[in-house]
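Read the structure below first, then the notes.
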2 protein chains.
Amino acid sequence: MSTWPPQPPYHHGNLPAALLAAAERLLREHGPAGLSLREVARQAGVSHNAPYRHFPTREALLAALAAEGFHRLDAVLREAAASAAQTGEAPLLPLGRAYLRFAAAHPALYRLMFGAGPRKDEHPALRAAAAPAFATLAACTPDRQAAIGAWALVHGLAQLLQDGQVAEELVGPELIEAVLGRYVRGGA
Amino acid sequence: MSTWPPQPPYHHGNLPAALLAAAERLLREHGPAGLSLREVARQAGVSHNAPYRHFPTREALLAALAAEGFHRLDAVLREAAASAAQTGEAPLLPLGRAYLRFAAAHPALYRLMFGAGPRKDEHPALRAAAAPAFATLAACTPDRQAAIGAWALVHGLAQLLQDGQVAEELVGPELIEAVLGRYVRGGA
DNA sequence: GGCCGATGTTGACGGTGACAACATGCAGAG
DNA sequence: CTCTGCATGTTGTCACCGTCAACATCGGCC
């Protein structure tokens, strides 16, 4: 994860990145069921089995993709926090908004990061990749407990919205404001 | 879903129920990856195509299993609400406890109900199956918005706990009490 | 008693993840 | 400059899976 796409390899030119890009596109366009290792290889213009030189298994590819998602999420959260710090606004609500915007913008990737696919206990790197995002959120809360609650709240909200479980209700920003605000108010 | 295991069929004796039971056992013991339609049929003692007489596709079987999970969750929530009503306690916290207990007791099934597997928009019966559980929870909140928030909170908490994302922290009941209490406090 | 539809079986096909053996080409040692 | 080693990519193969089609079996209804 440090210099994660290593220096361009010999034959293809950064095949891992190409594989991850193809995988993300397939995930976005055809859902997780349409994401086969062979199709990923096909889209990347290499033969099946080429991916095995970079990812020991299909799950590992998915785990790497999910880890990339966590990095992006962290970047989004950091940006929101910085933007809130400039305007002097309380950062928790903007962070929640940014979190939900990310989940809504990349639903398939979000579902891969949580829930579906690679089990975190079999891919410890994935769990580690999620830590920075949590730390960014925790930096905006008084204590760790409040951070856990805030994360749980926005995460649960994101999932309920994605599942269409509350779709007919007011899914607009008011809902987010009200629910997050209620939580923030309780901590004051 | 009304009389959902229909009258015992001819040859086997309630094959659908046997299939669902086998599927749940496989899901619990070998994870969602080890849940193949053929293995389910094998465990149920029928040939590999027998399930197709009752479920049009593998996803449909999973959706039915998830729906059964929602029914069980609703039963658990109802019981908790009734128990709280007897003692005169405010019902929201007991409900949250019961919800998290359910998620912890059946992690694989819970992950199937949300997140993984059958997409709710392709199996509307699954979304419908989730409604009663939500209604049970909503009956313990002042308005629909508060219900959505409470559900999101416990749901997110359940997922974070399952992912081991906050495992090293205080995962005991205190965390649940504090986080849920904060939310309840904010709504007062 | 005999038909008919629901239920279960056998067989087949394309696709997939994974393994093994083989080919290719850069990179550094001599 | 050449040769050798190793990372990278390929071809071939295997078992398994989901699904479709054709066939067999059994109970209820006329």
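According to a simple spin-label model (label point 7 Å from Cα along Cα-to-Cβ), what is the distance in nm between residue A:79 and residue B:89?
4.5
How big is D, in µm² s⁻¹, for the stretch B:44-166 by Stokes-Einstein at 4 °C and 1.567 mPa s if Rh is the Kirkwood radius over C-alpha pairs?
83
Label the stretch A:116-178 by shape, choosing from rounded, prolate and oblate, from the square roots a ≥ b ≥ c of the eigenvalues of the Cα gyration tensor; if a/c is under 1.5 it is rounded, and otherwise prolate applies when a/b is larger than b/c, oblate when it is not.
Since a/c reaches 1.5 but b/c is at least a/b, the shape of the stretch A:116-178 is classed as oblate.
What are the label-to-label distances in nm, one decimal and shortest first, from residue B:128 to the same spot in the other copies, with labels 7 Å along Cα to Cβ?
4.8
Using just the alpha carbons, could you tell me how many Å³ per residue the convex hull of the stretch B:38-80 encloses?
75
Once the mean 1/r over all distinct Cα pairs of the protein assembly as shown is inverted, what Kirkwood radius in angstroms do you read off?
22.0
Can you give me the distance in nm between label points at residue A:38 and residue A:11, each placed 7 Å from the Cα along the Cα-to-Cβ direction?
1.9
With n ≥ 4 as the cut-off for DSSP H runs, can you work out [θ] at 222 nm for chain A, using -39500 (n - 2.57) per run divided by the number of residues, rounded to the nearest 500?
Computed mean residue ellipticity for chain A: -21500 deg cm²/dmol.
Which value, in debye to the nearest 20, describes the size of the charge dipole of the protein assembly as shown about its Cα centre when Lys and Arg Cβ atoms bear +1, Asp and Glu Cβ atoms bear -1, and nothing else is charged?
Rounded to the nearest 20 debye, it is 680 debye.
Enter the Cα centre distance for the pair the stretch B:68-91 and the stretch B:123-157, rounded to the nearest angstrom.
13
Can you divide the C-alpha Rg of the stretch A:86-138 by 2.2 N^0.38 Å and report the result to two decimal places?
The stretch A:86-138 yields a ratio of 1.34.
Only Cα pairs under 8 Å and at least 6 apart count here; give the relative contact order of the stretch A:1-151 as a rounded whole percent.
Relative contact order comes out at 22 percent.
On full extension of the chain, what length is gained from residue B:71 through residue B:143, given 0.36 nm per residue of separation minus the C-alpha to C-alpha distance?
The span from residue B:71 to residue B:143 would gain 23.6 nm if fully extended.
Here, each number is a calculation from the coordinates, and none is a lab measurement. Values in this document were obtained by computation on a predicted structure and should not be read as measured data. Please note: Cβ atoms are built from the backbone with ideal geometry, for glycine as well, and neighbour counts cover all protein chains shown.
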